[in-house]
């Protein structure tokens with residue numbers, strides 16, 4: 001019998017927003033031993049351990065709600081031959097993926113390629129005030145869209161996305177409502193990640209919000 005000794009886990013770092021692919025080994029999760037996994041930026045992504053190898057636990061720093069979630073998995077779930085998806089325990093939004101390395105890598109690549117191609121089409125990283133912040137904000141908006149978290153009060157939900165160097169604008173093609181998402185600083189990303197849903201508003205309110213954000217930004221400039 002072939003016993004699987006490794007599994008892969010894809011997560012996004014709650015501090016820098018980068019996607020991370022980590023390998024978890026059976027041998028690293030010995031009895032009474034806690035293993036820690038970190039992002040390349042140095043931030044802790046998760047800790048893992050086992051209770052007599054009859055069950056395993058993963059404590060993950062959630063990129064969506066900033067809480068620390070603990071997942072209890074059976075050996076069959078952790079060392080699965082299929083893909084197992086983890087969700088934020090507060091919002092239910094997809095948080096990461098566990099499974100064979102090739103499956104998890106493909107999952108991660110698909111998520112990243114779609115958004116990175118979009119960034120390149122806009123002129124590359126130099127087009128944006130902060131390309132990493134923009135990519136992370138696009139990732140979050142994409143996740144909300146997949147989980148039904150984007151809506152318009154008109155009910156049509158014909159929402160399109162427009163990207164600028166410092167912001168993302170969501171527009172309803174049916175009623176012209178919109179939402180402006182600033183995307184030029186880490187604070188913009190942190191504020192967006194607290195939102196479980198985005199509902200479009202009348203354009204007058206959206207423009208007022210955008211002008212307020214610009215005024216605050218100008219006041220902080222030396």
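None of the figures in this text is laboratory data; all of them are computed from the coordinates on show. Since the structure is predicted, the reported quantities are computational estimates derived from the model, not experimental observations. As a convention, Cβ positions derive from the backbone with ideal geometry for all residues, glycine included, and neighbour counts pool all protein chains shown.
Miscellaneous remarks
- Label point 7 Å beyond Cα of residue 194 along Cβ direction - residues of segment 53-84 with amide nitrogen under 17 Å: 62-68
- Segment 49-77-segment 143-187 distance, computed between alpha-carbon centres (Å): 33
- Shape class for segment 6-109, computed from the alpha carbon gyration tensor (a ≥ b ≥ c): rounded, with a/c under 1.5.
- As a rough guide to protection, the peptides 167-174, 131-138, 143-150, 69-76 ranked by mean Cβ packing within 10 Å, highest first, stand as 131-138, 167-174, 143-150, 69-76.
- Cβ-derived FRET efficiency at R0 22 Å, residue 15 paired with residue 129, nearest 0.05: 0.70
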